[in-house]
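In what follows, a single structure is set out as structure tokens and then discussed.
The values are calculated or read from the model by the stated rules, or taken from the named source; none is laboratory data. Bear in mind the structure is a predicted one, so any value in this text is a computation, not a measurement. Cβ coordinates were reconstructed from backbone atoms using ideal geometry, including for glycine residues, and neighbour counts include every protein chain displayed.
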Amino acid sequence: MPIVMDADRVGRSLTRIAHEILERNRGADNLALIGIRARGVPLAERLAANLKTAGGQDVPTGSLDITLYRDDLMKHQVGPQPILRCTDIPFSIDGRTILLVDDVLYTGRTIRAALDALIDFGRPNAIQLVVLVDRGHRELPIRADYVGRNVPTSRQQSVQVRLLEIDGRDEVEVDEVEGAS
Amino acid sequence: MAHATDAYVLKGGRVVDPRAGRDGHFDIRIENGLVAAIGKDLPLDDARVVEVPAGFVSTPGLIDMHVHLREPGQEHKETIATGTWSAVVGGFTGVACMPNTDPVNDSASVTQFILKRAAEAGFARVYPIGAVSLGSMGDQMTEMGDLRAAGCVAFTDDGKPVATALLMRRALEYAGMFDVPIIEHCEDPSLKGDGVAHEGAVAAMLGLRGIPGVAESIMAERDISLAEVTGGRIHVAHMSARQTMRAVRDGKSRGVRVTCEVAPHHFTLTDEALKDGAGYNTNLKMNPPLREEADRLAMIEGLRDGSVDIISTDHAPHHADEKALEFDRAPFGIVGLETCVPLCLDRLVHAGVISLSRLVELLSSNPASLLKIPGGTIAVGAPADLTVLAPDAPVTVRTAALVSKSKNSPFDAWQLRGATAATIVGGRVLYANPAVADAARFVAT
Amino acid sequence: MTAATKLRSRHLLGIAELDPDEIELILDTAVAMKEIGTRTIKKVPALRGRTVVNLFFEASTRTRLSFELAEKRLSADTMGITVAGSSVTKGETLADTARTLEAMSPDLIVIRHAASGSPHLLSTICKAGIVNAGDGTHEHPTQALLDALTMRERKGRLAGLKVAIVGDLLHSRVLRSNVLLLTKMGAEVRACGPATLIPLGLKALGVHVTTSIDEAVKDADVVMMLRVQHERMHGLFLPSLREYFSLFGLTPARLEHAASNVIVMHPGPMNRGVEIDSAVADGPWSVILDQVANGVAVRMAVLYLLAGEELT
């Protein structure tokens, strides 16, 4: 199965995105990063490190579990609820520009849930979306502000993002779901 | 009451009749409702011949001496007609019915009503048991002489114990004049309290209030002591606790006129069953309660060594709506007439606890002797009350298919070996079990 | 053991039916739920459109409020039915009440009832998931779960904890659920109460049973006091309140023999001066208010996990 991003490319994408963020927001003042669990969280932490390197400023970082905001919660015929993890946003989001970070942008439903969740925490000045991979097939009017790589896919394929902190290595792989596993 | 029938001969089957000392293959000739002859290779004359299928066993008609027929007063649970039909389907040709009806059987008029209804139904024979005290309230003794003359065969305040030691003493003395037993529901009311299940680990974990085994044995010990001093006959009903078994054994060894009975659920089930499925099955709620394994084994041991005299069912029908309640609120009791024979054959005879001959003593000869009623043996000239057993026939209990008006049995879906093949009362084949191969032969065509 | 990702039953009838990994799942989920209570907007849409019925046949202010708050924080639609009086009030049977409710298609029914096994009866009649909020003297599973969450927060673990439970052991559903939970999770349980209030069979569960509070409290990491109901305080169980307190009341002096960082718990409502000295209830050992806060989180976790399965 094709590896569409290797560790090097993941790293370079995150560096580039950090610079784009600083350029677009004219610095890191008033920014905050919030990663969507699970893989948005280490991505947000890496971006915070990159922003510090590039701009010299600490950007507060939090994590968001959107499980309780999903619109498919009750659709499981029989099966597990998604496991609930802690949301940890140790700062006020009021008046800030929030950089919402996730690994893959697909239908947009996860981001919809994340936006609902964020609004419950306060009233940010703006929310910008950062994703490592945009694979298309949007079902809601949502687009990313910063994209690591656009990867055209079919709906039958799955996109696996692996990160050092969770999976032991950095890579993005596209799988054929039919007969793959 | 025997109805005239054609003469017929039950030919070639095994006959087990311990009181007559008979266990072997014999022919039984039945004529005009009576046993006309019994022996080897009887002359057939013009009689119809019923070839008894191999493996079937004819016994004296089974008698259940502890049945609640509920009529008069609680006909939504059972009537004399439905209860005696349930008895016949279960293999019983006779039942003794408890007096805790509404009104209580504490006067000859109630006794006569019961006997009239039983005769109208025409199924199993009914032997009423009268109350010890008026309304079973524990205050004033009933007219036992009158009740005895009307047909009562014993006295009890079943459902509760005879209220005071003094009343029990007087009852033993008074009933002694007629040489009939006092049947006691042994239970110390203060120890029973508002308990609903056996006091033990299971009740503790299920949060059910307990009834300790000693609640039963303490009352049995009181009564045995009183029987000892009065010379009266005490019969311990539906014994469940190992302590009671010990008390009865002690009494017997001292020569006290004490007898006892055990119900099938007390030698087949324990309180562990309360945990099955969703738990709290109210068809496992009875009084005395299902006890623990040591108690069950004590009942088995008593059956094995002869300390237990009788098996009776404590057939206690309750309407489904009454049982579909919280465990605390549901009434005590289960039906038993139609499951007794399979449970006894499977769990006692096939399990090697007792012989078939001993089972016939427990289910027929001994209750007949205790109550001094006809039957308990196959005697020439006596009414032809016979039960034909198919000890190897497979049985799957289906509570929905019980003919009793109530279906409150915990034995649904139990698979057992041993069935009633046919029930003959007064020479008439009232029931041939359609689920047993070849049982249809007993029905005259 | 692999971690559970779901509860195996669609009901929570008791701790008895839960495996250790399911208990962990509920506690972990409760930790996440607890965060919601710290937000300005203390509400998530997880159970939006779901109907939860709170069926209370027994007065219980705190458990009922705790469940209601949990339901509201998850955006469920709730109906409360409080049947005044005791279980023995005549009239409609529980089965009929259940069928009436069933016609309203609730997703979950939370039941509190004076008769042990009532939730089990309900579960055989209703399609809804059943949550036991306390049945007779049987179980009170969400209480044991919130107690476990509190212990885990304070002690970092459950396995190996020495837990003394003191009071009316015979009539306490809190005791039963806690004993089941704590023994499943590897804690060491000492149960202490007057001999008249100790159920048979407690030892068989792997519990050390004693009538000496000093023996129970010695080196204990957790001391859990059970409420002694006033109706038990006379008659044949106990001679008097005074004697009960002198033999079984928890005082600062008795706590001196516990582990140095012992915590004191109570399911409430407390009888000050009967089972617990005010100096203990209000003292540094007490985590009684933590228990209340954790109650909401645990109940949110249970409702969320049970609501997850589509009914078929």
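Key figures
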{"read-out": "Conditions (1) outside any helix (DSSP H, G or I); (2) within 26 Å of B:VAL196 (Cα to Cα); number of the one not met by B:MET245", "value": "(1)"}
{"read-out": "Identity of the residue in the stretch C:18-38, over 18 Å from the mean Cα position of the chain (by Cα) and not in a helix (DSSP H, G or I), that ends up farthest from C:ASN294 (Cα to Cα)", "value": "C:THR38"}
{"read-out": "Top-ranked residue in the stretch B:420-433 [being in a strand (DSSP E or B) and in contact with a helix residue (DSSP H, G or I) (Cβ under 6 Å, 6 or more places away or on another chain); ranked as surrounded by the most Cβ atoms within 10 Å (Cβ to Cβ)]", "value": "B:ALA421"}
{"read-out": "Residue in the stretch B:280-299 that is surrounded by the most Cβ atoms within 10 Å (Cβ to Cβ), counting only those that are out of contact with any strand residue (DSSP E or B) (no Cβ under 9 Å at 6 or more places or on another chain) and more than 27 Å from B:GLU78 (Cα to Cα)", "value": "B:ALA298"}
{"read-out": "Condition broken by B:VAL349, with the remaining ones in (1) farther than 23 Å from B:ALA435 by Cβ; (2) surrounded by fewer than 23 Cβ atoms within 10 Å (Cβ to Cβ) satisfied", "value": "(1)"}
{"read-out": "Residue match in the stretch C:169-184 (condition: under 16 Å from the mean Cα position of the chain (by Cα) and in a strand (DSSP E or B))", "value": "no"}
{"read-out": "Among residues of the stretch A:17-50, those that are under 17 Å from A:ASP102 (Cα atoms) and touching a residue at least 12 places away in the same chain (Cβ under 8 Å), counted", "value": "23"}
{"read-out": "B:ALA81 vs. criteria of a type in the set (A, V, I, L, M) and not assigned by TED's automatic domain parsing to the domain that holds B:SER365", "value": "no"}
{"read-out": "Condition broken by B:ALA118, with the remaining ones in (1) without any contact (Cβ under 8 Å) to a residue 40 or more places away in the chain; (2) assigned to a loop (DSSP other than H, G, I, E, B); (3) touching a Ser or Thr at 6+ places or on another chain (Cβ under 8 Å) satisfied", "value": "(2)"}
{"read-out": "Members of the stretch B:174-217 that are part of a helix (DSSP H, G or I), of a type in the set (Gly, Ala, Ser), surrounded by fewer than 22 Cβ atoms within 10 Å (Cβ to Cβ) and within 12 Å of chain C (Cβ to nearest Cβ)", "value": "B:SER190, B:ALA201"}
{"read-out": "The stretch C:104-129, residues that are within 11 Å of chain B (Cβ to nearest Cβ) and small (Gly, Ala, Ser)", "value": "C:ALA114, C:ALA115, C:SER116, C:GLY117, C:SER118, C:SER123"}
{"read-out": "Residue list for the stretch C:24-53, restricted to those being more than 8 Å from chain A (Cβ to nearest Cβ), of a type in the set (D, E, K, R) and touching a residue at least 60 places away in the same chain (Cβ under 8 Å)", "value": "C:LYS34"}
{"read-out": "Candidates C:MET79, C:MET33 - the one that is in the same structural domain as C:GLY117 (by TED's automatic domain parsing), surrounded by fewer than 21 Cβ atoms within 10 Å (Cβ to Cβ) and among the hydrophobic types (A, V, I, L, M, F, W, C)", "value": "C:MET79"}
{"read-out": "Identity of the residue in the stretch C:1-23, out of contact with any Ser or Thr (no Cβ under 8 Å at 6 or more places or on another chain) and either under 30 Å from A:ASP94 (Cβ atoms) or more than 11 Å from every other protein chain (Cβ to nearest Cβ) (or both), that ends up surrounded by the most Cβ atoms within 10 Å (Cβ to Cβ)", "value": "C:LEU18"}
{"read-out": "Among the residues listed as B:VAL403, B:VAL388, B:VAL436, the single one being outside the structural domain of B:TYR127 (by TED's automatic domain parsing) and crowded, with 23+ Cβ neighbours inside 10 Å", "value": "B:VAL388"}
{"read-out": "Unique residue being in contact with a Lys or Arg (Cβ under 8 Å, 6 or more places away or on another chain), more than 14 Å from every other protein chain (Cβ to nearest Cβ) and at pLDDT 95 or above when the list is A:LEU105, A:LEU99", "value": "A:LEU105"}
{"read-out": "Elements of type strands (runs of 3 or more DSSP E) contained in the stretch B:1-59, each with 1 or more residues being in the same structural domain as B:ALA421 (by TED's automatic domain parsing) and free of Cβ contacts under 8 Å to residues at least 40 places away in the same chain", "value": "B:22-31, B:34-39"}
{"read-out": "In the stretch B:12-32, the residues that are modelled with pLDDT under 95 and closer than 15 Å to B:THR387 by Cα", "value": "B:GLY13"}
{"read-out": "Extreme residue, nearest to the chain's Cα centre (by Cα), among residues of the stretch B:308-327 that are hydrophobic (A, V, I, L, M, F, W, C) and in a loop (DSSP other than H, G, I, E, B)", "value": "B:ALA316"}
{"read-out": "Which listed residue is within 25 Å of C:ASP290 (Cβ to Cβ), touching a Ser or Thr at 6+ places or on another chain (Cβ under 7 Å), more than 14 Å from chain B (Cβ to nearest Cβ) and charged (D, E, K, R), from C:GLU139, C:GLU71", "value": "C:GLU71"}
{"read-out": "Members of the stretch B:261-279 that are touching a residue at least 12 places away in the same chain (Cβ under 8 Å) and not aliphatic (A, V, I, L, M)", "value": "B:GLU261, B:PRO264, B:HIS265, B:HIS266, B:PHE267, B:THR268, B:THR270, B:ASP271, B:GLU272, B:LYS275, B:GLY279"}
{"read-out": "Some residue of the stretch A:67-81 being among the charged types (D, E, K, R), part of a loop (DSSP other than H, G, I, E, B) and more than 14 Å from chain C (Cβ to nearest Cβ)", "value": "no"}
{"read-out": "Filtered residues of the stretch B:151-170 (kept if in contact with a strand residue (DSSP E or B) (Cβ under 8 Å, 6 or more places away or on another chain), farther than 17 Å from B:THR101 by Cα and not in a loop (DSSP other than H, G, I, E, B))", "value": "B:LEU167, B:MET168, B:ARG170"}
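Table: residues versus (1) of a type in the set (Gly, Ala, Ser); (2) without any contact (Cβ under 8 Å) to a residue 60 or more places away in the chain; (3) surrounded by fewer than 20 Cβ atoms within 10 Å (Cβ to Cβ).
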site	(1), (2), (3)
C:LEU182	no, yes, no
C:ALA191	yes, yes, no
C:THR196	no, yes, yes
C:LEU205	no, yes, yes
C:VAL217	no, yes, no
C:SER260	yes, yes, yes
C:ARG272	no, yes, yes
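Listed here are the residues, each with its yes/no results for (1) assigned by TED's automatic domain parsing to the domain that holds B:VAL236; (2) surrounded by fewer than 18 Cβ atoms within 10 Å (Cβ to Cβ); (3) over 18 Å from B:VAL258 (Cα atoms).
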{"site": "B:VAL95", "(1), (2), (3)": "yes, no, yes"}
{"site": "B:ASN105", "(1), (2), (3)": "yes, no, yes"}
{"site": "B:GLN140", "(1), (2), (3)": "yes, yes, yes"}
{"site": "B:ASP146", "(1), (2), (3)": "yes, yes, yes"}
{"site": "B:ALA149", "(1), (2), (3)": "yes, yes, yes"}
{"site": "B:ALA165", "(1), (2), (3)": "yes, yes, no"}
